[in-house]
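Input: a single structure, listed below in structure tokens.
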There are 2 protein chains.
Amino acid sequence: MGDREGPRPGGRSARVQASVHGAARALLARMDRAQVTIPLIAAEAGVTPSTIYRRWGELHELLADVAVERLRPDMAPADTGSGRGDLLAWAEQYAEEMSSDLGRRMIRDVLAAEGGAGPRRCCGYVAEQIGVIARRALARGEAFPETDAVLDRVVAPIVYRILFDEALGPDRVGDLVATAMAEARRR
Amino acid sequence: MGDREGPRPGGRSARVQASVHGAARALLARMDRAQVTIPLIAAEAGVTPSTIYRRWGELHELLADVAVERLRPDMAPADTGSGRGDLLAWAEQYAEEMSSDLGRRMIRDVLAAEGGAGPRRCCGYVAEQIGVIARRALARGEAFPETDAVLDRVVAPIVYRILFDEALGPDRVGDLVATAMAEARRR
DNA sequence: CTCCAAACGCAAAGAATTTGCGTTAGTCCC
DNA sequence: GGGACTAACGCAAATTCTTTGCGTTTGGAG
């Protein structure tokens, strides 16, 4: 049940999904994003367009699917020795990755899809990473803010600025982390 | 120069733009969003599809244009007698409007467009409203946080949750405002 | 008043999307 | 293991959307 949404692991569906995802990533890396179409992806993946249309419906849905996959963290946040250091390192890296052209585009792809599942999953990934940092900090006996507080004070401003204004620099991210950590005492 | 990007006020271009915007709004209100297409909008507006394609390029650009228009505030924030009250009232209304289905969709439309002009303009609208509240507060001799601080502590969490998670209730919005107002003392 | 540039309408060509039908692959139950 | 069943796929035709060339109109400048 915790199995993502996909079909069963070894089936034909899974193979098609993998090859379509791979084709989409390859094309996105190779050419301008406005020129990537479903027939192109289908040709690259070795399937017929109708297969993609039936499964994903629109290009946005497919790209969102691919983007969510790429936004899933592949490792635990670095352990710098303190919760504050961990959060700062994580936040700086996150801000940098997401403000890159690729990161920006992935976020927008995720948001463009119809169902709310993609964005929520991304938020979940972030919350999970913060949770790891938090548990590590608490195990060391340190104070650490609630995950929701970190989302509100650190993650939200980073993402909001990337989407609507201009990406925050490392110094501003540091300020956000400091503000969030100040919240920890009230726990 | 503060004139938006559009053509001169009375020209033919302006009339076409107005009628296309109106047609798009009418169709969005009347039918499901996935069924709204450029040829449909063109028919409703009484122009040929190629006109729309040439001016906006894609449906997303047009919808983003329409959404930005609708997101522009049409009046100054209510004056409740104090900066804190003004901000609270504004934030609660903003959160409510943006978390509605319509608001959500408009935000996503704005973000889906290619150029970064739309999102920045929306952010500018918000900053402007906050600026009005701030100037009123300062004129009364009250303390009030920087606009950037309000964006980070109040607006960003509201929008982030709407886009990625679940909309915040009025109580949580109140907490955000309280946090932001606490910042004012350091000015 | 005349000229000019930008924008529009029309229509044909090209590309993408939808859909019906036959076939295949994997699954479940003997 | 073997047979039936379901979901997904391939193919191809029909539909709809998108692009583009060319002539015409419109509003503004000199």
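Among B:ASP148, B:ASP175, which is over 24 Å from A:GLU166 (Cβ atoms), charged (D, E, K, R) and assigned to a helix (DSSP H, G or I)?
Only one candidate passes the filter, namely B:ASP175.
Taking the residues in region A:141-157 that are within 22 Å of the chain's Cα centre (by Cα) and surrounded by fewer than 24 Cβ atoms within 10 Å (Cβ to Cβ) as candidates, determine which candidate is nearest to the other protein chains (Cβ to nearest Cβ).
A:LEU151
Of the residues that sit in region B:111-140 and are in contact with a Gly (Cβ under 9 Å, 6 or more places away or on another chain) and not in a helix (DSSP H, G or I), which one is nearest to the other protein chains (Cβ to nearest Cβ)?
Among residues in region B:111-140 that are in contact with a Gly (Cβ under 9 Å, 6 or more places away or on another chain) and not in a helix (DSSP H, G or I), the one nearest to the other protein chains (Cβ to nearest Cβ) is B:GLU114.
Identify the single condition in (1) within 16 Å of DNA strand D (Cβ to nearest atom); (2) of a type outside the set (Ser, Thr, Tyr); (3) surrounded by fewer than 19 Cβ atoms within 10 Å (Cβ to Cβ); (4) under 19 Å from B:ARG121 (Cα atoms) that B:LEU102 does not satisfy, given that it satisfies every other one.
Checking B:LEU102 against (1) within 16 Å of DNA strand D (Cβ to nearest atom); (2) of a type outside the set (Ser, Thr, Tyr); (3) surrounded by fewer than 19 Cβ atoms within 10 Å (Cβ to Cβ); (4) under 19 Å from B:ARG121 (Cα atoms), the one that fails is (1).
Given the options B:GLY118, B:GLY124, name the one that is farther than 19 Å from B:THR80 by Cβ and in contact (Cβ under 8 Å) with a residue 12 or more places away in the chain.
Just a single option satisfies the conditions, and that option is B:GLY118.
Among the candidates B:ALA34, B:ALA29, single out the residue that is of a type in the set (Gly, Ala, Ser), more than 9 Å from DNA strand D (Cβ to nearest atom) and within 14 Å of chain A (Cβ to nearest Cβ).
That would be B:ALA34, the only listed residue that is of a type in the set (Gly, Ala, Ser), more than 9 Å from DNA strand D (Cβ to nearest atom) and within 14 Å of chain A (Cβ to nearest Cβ).
Suppose the filter is of a type outside the set (D, E, K, R), more than 13 Å from DNA strand C (Cβ to nearest atom) and over 27 Å from A:ALA127 (Cβ atoms); does A:GLY22 pass it?
yes
What's the total number of residues in region A:169-185 that are touching a residue at least 40 places away in the same chain (Cβ under 8 Å) and more than 9 Å from chain B (Cβ to nearest Cβ)?
Counting residues in region A:169-185 that are touching a residue at least 40 places away in the same chain (Cβ under 8 Å) and more than 9 Å from chain B (Cβ to nearest Cβ) gives 8.
Restricting to region A:74-97, give me the number of residues that are assigned to a helix (DSSP H, G or I) and surrounded by fewer than 20 Cβ atoms within 10 Å (Cβ to Cβ).
Total satisfying the criteria: 7.
State yes or no: is A:LEU102 modelled with pLDDT under 95, part of a helix (DSSP H, G or I) and away from DNA strand C (no atom under 16 Å from the Cβ)?
Yes; evaluated as a whole, the condition is true for this residue.
Are any residues in region A:44-61 assigned to a helix (DSSP H, G or I) and more than 23 Å from A:ILE162 (Cα to Cα), and if so, which ones?
Listed by number, the residues that qualify are A:GLU44, A:ALA45, A:PRO49, A:SER50, A:THR51, A:ILE52, A:TYR53, A:ARG54, A:ARG55, A:TRP56, A:LEU59.
The values are calculated or read from the model by the stated rules, or taken from the named source; none is laboratory data. Computed from a predicted structure; not experimentally measured. Counting neighbours? That spans all protein chains shown, and the Cβs are built from the backbone with ideal geometry, glycine included.
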